[in-house]
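Engineer: Okay, handing you the structure first.
The values are calculated or read from the model by the stated rules, or taken from the named source; none is laboratory data. All figures in this text were calculated on a predicted structure; none of them were measured in a lab. Every residue, glycine as well, gets a Cβ built from its backbone with ideal geometry; the counts of neighbours run over all protein chains shown.
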Amino acid sequence: MALRGRVLCLLAFICGAVGAQASERDDDVYVARVSRVFDGDTLWVKPLAGGRYRKLRLDGIDAPEICQAGGTVARDALAARVLDQVVQVSVRRYDDYGRGLARITHQQEDVGGWLVARGVAWSYRWGRSLGPYARQEEASRKAGRGVVADAAAELPRDFRRRHGPCALP
């Protein structure tokens with residue numbers, strides 16, 4: 001009986017730990033202050049309710065790598081919009097690097113869509129889909145705005161495939 005009790009306790013502990021981890025990994029919505037902008041689609045936030053800093057990647061966009069043409073312009077645009085600002089964060093899931101893939105809203109505007117509309121990021125493509133911001137990207141291209149209007153510009157995922165990750169500063 002003692003062994004069965006210990007096994008049940010162990011199972012309860014494991015289930016509790018998995019449940020706690022799952023709740024942290026489920027759709028997570030909170031208000032936070034942007035503390036750092038790493039590049040055109042990656043930033044750090046500090047939840048206003050407390051807790052640890054969180055590294056997030058903007059969901060649905062792909063900005064140029066920091067060492068790629070247009071990379072610093074994309075980073076600076078994101079920083080100008082949200083650095084030190086309070087934003088609404090909605091995490092959809094987590095990527096292989098542990099970053100939350102999040103939709104960020106600032107002053108009731110979707111920041112990812114804002115970046116794509118300015119031509120400093122592409123709508124993230126997968127499969128045959130042109131991604132969630134395809135209309136904003138097409139409008140930027142037609143208006144001649146930013147890196148997306150340059151027919152010779154390389155998509156960030158292709159750049160990463162050819163060159164690997166950028167060296168850290």
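Engineer: Does region 101-108 contain any residue that is in contact (Cβ under 8 Å) with a residue 12 or more places away in the chain, hydrophobic (A, V, I, L, M, F, W, C), over 15 Å from residue 73 (Cα atoms) and touching a Ser or Thr at 6+ places or on another chain (Cβ under 9 Å)?
Structural biologist: Yes, that holds for at least one residue.
Engineer: Could you tell me how many of the residues in region 147-160 are under 19 Å from residue 60 (Cα atoms) and without any contact (Cβ under 8 Å) to a residue 40 or more places away in the chain?
Structural biologist: 3
Engineer: Within region 72-102, which residues are closer than 13 Å to residue 45 by Cβ and outside any helix (DSSP H, G or I)?
Structural biologist: Matches in region 72-102: 83, 84, 85, 86, 87, 88, 89, 90, 91, 99, 100, 102.
Engineer: Considering only residues that are of a type outside the set (Gly, Ala, Ser) and either surrounded by fewer than 21 Cβ atoms within 10 Å (Cβ to Cβ) or closer than 18 Å to residue 113 by Cβ (or both), which ones fall in region 40-54?
Structural biologist: Across region 40-54, the qualifying residues are 41, 42, 43, 44, 46, 47, 48, 52, 53, 54.
Engineer: Which numbered condition in (1) buried (at least 21 other Cβ atoms within 10 Å of the Cβ); (2) at negative phi is the only one that residue 150 fails?
Structural biologist: (1)
Engineer: Give the number of residues within region 126-163 that are outside any loop (DSSP other than H, G, I, E, B) and of a type outside the set (Val, Ile, Thr).
Structural biologist: Result for region 126-163: 21.
Engineer: From 168, 115, which residue is at pLDDT 95 or above, under 15 Å from residue 71 (Cβ atoms) and either of a type outside the set (Asp, Glu) or touching a helix residue (DSSP H, G or I) at 6+ places or on another chain (Cβ under 6 Å) (or both)?
Structural biologist: The unique qualifying residue is 115.
Engineer: Also: State all residues of region 55-98 that are buried (at least 18 other Cβ atoms within 10 Å of the Cβ), in contact (Cβ under 8 Å) with a residue 40 or more places away in the chain and of a type in the set (D, E, K, R); if no residue qualifies, say none.
Structural biologist: 57, 59, 62, 65
Engineer: If a residue has to be under 18 Å from the mean Cα position of the chain (by Cα), surrounded by fewer than 24 Cβ atoms within 10 Å (Cβ to Cβ) and at positive phi to count, how many in region 108-145 make the cut?
Structural biologist: The total comes to 2.
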